[in-house]
Amino acid sequence: MNYPIRRIKGFSADRPPDPHLDREWLVTNGLGGYASGTVAGPLTRRYHGMLIAALPNPLGRYMMLNAICERMKLPDHGEYFVGPRQLANATVDAHLVAEEFRLEAGLPVWTFHINGWIVEKRLHLPHAQNTVQLTYELLTGSAALQLELHFWVNFRHHDAPVSTKPSEHFALTAQESGYELTGDPDQPVLRLAMPGGNLSFQRRMATDLLYETEERRGYDSLGSLFSPGCFDANLSPGERVTFTASVENWNTMLALSPPDVNRFSLQRRQALLQMAEPALREEIGGELVLAADQFVIKPAGRCEDQVRAIAAGDEFRTVIAGYHWFTDWGRDTMISLEGLTLRTGRFTEAGWILHNFANYVKDGLIPNLFPEGEEEGLYHTADASLWFFHAVSRYLAFTGDELTLQLILPVLEDIAQAHLQGTRFGIHVDPADGLLHQGAEGYQLTWMDAKVGDWVVTPRRGKAVEINALWYNALCCLTGWMNQVHGRGAGDAYARSAEKARECFNRRFWCEERGYLYDVIDGENGDDISCRPNQIFAFSLPNPVLDPSHWEPVMDVVTRELLTPVGLRSLSPSNPDYKSRYDGDLRSRDAAYHQGSVWAWLIGPYIDAWLKLHPGQNAEARQLLSAFAPHLSEACVGSISEIFDGEKPHIPRACIAQAWSVAEVLRSWANTA
């Protein structure tokens, strides 16, 4: 099988002034840990590092190795520096930038050309380990070069500001297999090894390092890093040397040789591609399958949940909503499930995810999110539980797994009853019209959930259009499942609730004057006629609540006002609250988050709705995805960003790799094959 390869060379004139600084790479380890940085080398985010380990709670994800700086000394040709420019030494002859960066099967490779010498650098995170390996190979050269690797650290939580001061107690000690770097007593130990290399102790501190992206986002932007020394080795033509850093024990860290790590990584990626649907095995589809793998994890933190899952005969799996800062979110997981696991043939893991979230249900709700480093979830969401029904229905459509249905059905009934009778955060069905109402002061309960301090930017308290589309879809699903498991007529009560909701939805949400759907009715300020993408769910879902006579006018409005090449705007530009750019400090960004920013994941439901109006026109629908191919070469290379600016050139913003963005583009790519 041919692995997908994406190459990055040169610059694009229509991007920001220094586009290489905006291109980033990401490698994950299946535990929630990762390595990430800019393609060109500078550290611009607090999250940039060679090893961010996923550790048991309360530590969570921890920055263990911030940077590696390489010095390459060529005989009679001088000395060259590779790495973050902030850490460059004035005595170095020249700063060297890679001639080419590429992803091979989703793994980063840098190629450096120096006066006839060609050096290649590869990075691996062995799956299910908090370990990083950097391998250097001299592909061509007339003689050996001397390679120095300077490692820089500041042990801290990965979300801690860059201004966090490094430990004053760093100590590097020799061990039989390598070296151990320790910081404060409550911090993990970093183990280091470089067979064939020698370690020189050179304690250095770099201060006032500027992290440009942190500065642009309004956060602390000056930080310090500590280096206890460097490894050096001679690299002859055709030879390789590998540097390994890990928080695992020595036996685990060194169990696999570097060639084995590379071989097993490729074997695993080959298996992922082979499991996926045929349309997803090559080129763009293959890249999306490998990108999807980054979000499906066995979290290292929540030990009790792992024990519970194993006792039930499952494995613990969940979905990271986005890198770098998201944990697992219920809504994002359920929306992403089909694209990340079902279209990619990972049916068993999909079942584990559903079983695990079924265990979390409280008061008819699944968690909105699990805070970093904590065991308990937060439940302030009105739609995650309804998306759970949708995820179960898609899982059953792919697998026909009746046993899982029988196990989960009582939980689904409890969710429906809690909504009918009323539960937390004001979530309840209005008996007058059968529609679902939600809202509580100080909470943001729909997917449009931006909040700064006490300011809920888009509260949407009342009867939200997509919440009621999801409620109707859930009732229809539950009706069928009750009849399937318990016999004909068992779901009649839910069928009656569904019919009442459908009749009232069409009577109350349709705005004849505007020719589209209200975004919220019975809200704090009456009915909200803001033109938003939420109305598309009224007929994109498998059980459409909207009368077919209204499908085309809604589609026309959404297409005219909201459609862009990279998804749907969150608000029409004609609205006075519309914000065209997502930039600046936190308050400025969150003011635009759902007030005009383009969301990539919404292209999925848009294409679902479009195909209902244009059945069989898959080639035309595929064209709606055409802008995502070049996007795979910007922002996070090989992945899809969370959002984009509302106006051209639709600069990618927020998380560099988002689960539902990848999942919905992947799912739509398969649907339009």
Here are the criteria: (1) over 29 Å from Thr252 (Cβ atoms); (2) within 30 Å of the chain's Cα centre (by Cα); (3) not hydrophobic (A, V, I, L, M, F, W, C). Tell me which single one Gln146 does not satisfy. (2)
Any idea how many residues of the range 642-658 are surrounded by 24 or more Cβ atoms within 10 Å (Cβ to Cβ), in a loop (DSSP other than H, G, I, E, B) and hydrophobic (A, V, I, L, M, F, W, C)? 1
Scan Leu436, Leu403, Leu369 and give me the residue that is modelled with pLDDT of 95 or more, buried (at least 16 other Cβ atoms within 10 Å of the Cβ) and not small (Gly, Ala, Ser). Leu436
Quick one: is Thr213 among the hydroxyl-bearing types (Ser, Thr, Tyr), under 18 Å from Cys69 (Cα atoms) and either assigned by TED's automatic domain parsing to the domain that holds Leu181 or modelled with pLDDT of 95 or more (or both)? no
Going through (1) within 22 Å of the chain's Cα centre (by Cα); (2) crowded, with 17+ Cβ neighbours inside 10 Å; (3) not polar (S, T, N, Q) one by one, Leu562 fails only at (1)
Out of all the residues in the range 354-374, is one or more in the same structural domain as Val307 (by TED's automatic domain parsing), at positive phi and touching a strand residue (DSSP E or B) at 6+ places or on another chain (Cβ under 8 Å)? yes
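Every residue, every condition in (1) of a type in the set (Asp, Glu); (2) surrounded by fewer than 20 Cβ atoms within 10 Å (Cβ to Cβ); (3) touching a Phe, Trp or Tyr at 6+ places or on another chain (Cβ under 7 Å); (4) on the phi > 0 side of the Ramachandran plot, yes or no:
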position	(1), (2), (3), (4)
Pro573	no, yes, no, no
Asp577	yes, yes, no, no
Gly584	no, yes, no, yes
Gln595	no, no, yes, no
Ile603	no, no, no, no
Ala619	no, yes, no, no
Ile640	no, no, yes, no
Ser661	no, no, yes, no
Of all strands (runs of 3 or more DSSP E) completely enclosed by the range 30-119, which ones contain at least 1 residues that are polar (S, T, N, Q)? 34-38, 107-114
Would you be able to tell me the number of residues in the range 20-29 that are in a strand (DSSP E or B) and in contact with a Pro (Cβ under 7 Å, 6 or more places away or on another chain)? 2
Is it the case that the range 135-143 has a residue that's assigned to a strand (DSSP E or B) and under 19 Å from Arg85 (Cα atoms)? no
Top-ranked residue in the range 345-366 [being assigned to a loop (DSSP other than H, G, I, E, B) and of a type in the set (Gly, Ala, Ser); ranked as farthest from the chain's Cα centre (by Cα)]: Gly364
Restricted to the range 183-212 and to residues being part of a strand (DSSP E or B) and in contact with a His (Cβ under 9 Å, 6 or more places away or on another chain), the residue farthest from Ser588 (Cα to Cα) is Gln202
Could you tell me which of the residues Thr244, Thr252 is closer than 20 Å to Leu55 by Cα, out of contact with any Asp or Glu (no Cβ under 7 Å at 6 or more places or on another chain) and surrounded by fewer than 17 Cβ atoms within 10 Å (Cβ to Cβ)? Thr252
So which of Val307, Val319 is in a helix (DSSP H, G or I) and either crowded, with 24+ Cβ neighbours inside 10 Å or without any contact (Cβ under 8 Å) to a residue 12 or more places away in the chain (or both)? Val307
Would you mind telling me which numbered condition in (1) within 23 Å of Ile408 (Cβ to Cβ); (2) surrounded by fewer than 22 Cβ atoms within 10 Å (Cβ to Cβ); (3) touching a helix residue (DSSP H, G or I) at 6+ places or on another chain (Cβ under 6 Å) Val457 fails? (1)
Which listed residue is of a type in the set (S, T, N, Q) and over 19 Å from Asn534 (Cα atoms), from Thr446, Thr458, Thr423: Thr423
Any idea which of Leu87, Leu43, Leu123 is surrounded by fewer than 21 Cβ atoms within 10 Å (Cβ to Cβ) and of a type in the set (A, V, I, L, M)? Leu123
Sort through Ser626, Ser639, Ser661, Ser668 and tell me the only one that's touching a helix residue (DSSP H, G or I) at 6+ places or on another chain (Cβ under 7 Å), part of a loop (DSSP other than H, G, I, E, B) and not aliphatic (A, V, I, L, M). Ser639
Checked the range 538-553 for anything assigned to a helix (DSSP H, G or I) and within 28 Å of the chain's Cα centre (by Cα); matches are Ala538, Phe539, Ser540
Show the residue pairs that are 6+ apart or on different chains and have beta-carbon atoms under 6 Å apart, the first residue being within the range 327-341 and assigned to a helix (DSSP H, G or I), the second being surrounded by fewer than 24 Cβ atoms within 10 Å (Cβ to Cβ) and among the basic types (Lys, Arg). Glu338/Arg394
Given Glu176, Glu168, Glu215, Glu180, which one is out of contact with any Pro (no Cβ under 9 Å at 6 or more places or on another chain), of a type in the set (D, E, K, R), surrounded by fewer than 19 Cβ atoms within 10 Å (Cβ to Cβ) and part of a strand (DSSP E or B)? Glu180
Looking only at residues in the range 417-470 that are charged (D, E, K, R) and under 26 Å from the mean Cα position of the chain (by Cα), which one is farthest from Ala493 (Cα to Cα)? Lys451
Residues in the range 274-320 that are modelled with pLDDT of 95 or more, small (Gly, Ala, Ser) and farther than 29 Å from Ile5 by Cβ total 0
Residue, nearest to Ala501 (Cα to Cα), within the range 529-550, restricted to residues that are in contact (Cβ under 8 Å) with a residue 24 or more places away in the chain and out of contact with any strand residue (DSSP E or B) (no Cβ under 9 Å at 6 or more places or on another chain): Val545
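The values are calculated or read from the model by the stated rules, or taken from the named source; none is laboratory data. In this text, all values refer to a predicted model and were calculated from it rather than measured experimentally. FYI the Cβ positions are ideal-geometry reconstructions off the backbone, even for glycines, and counts take in every protein chain you see.
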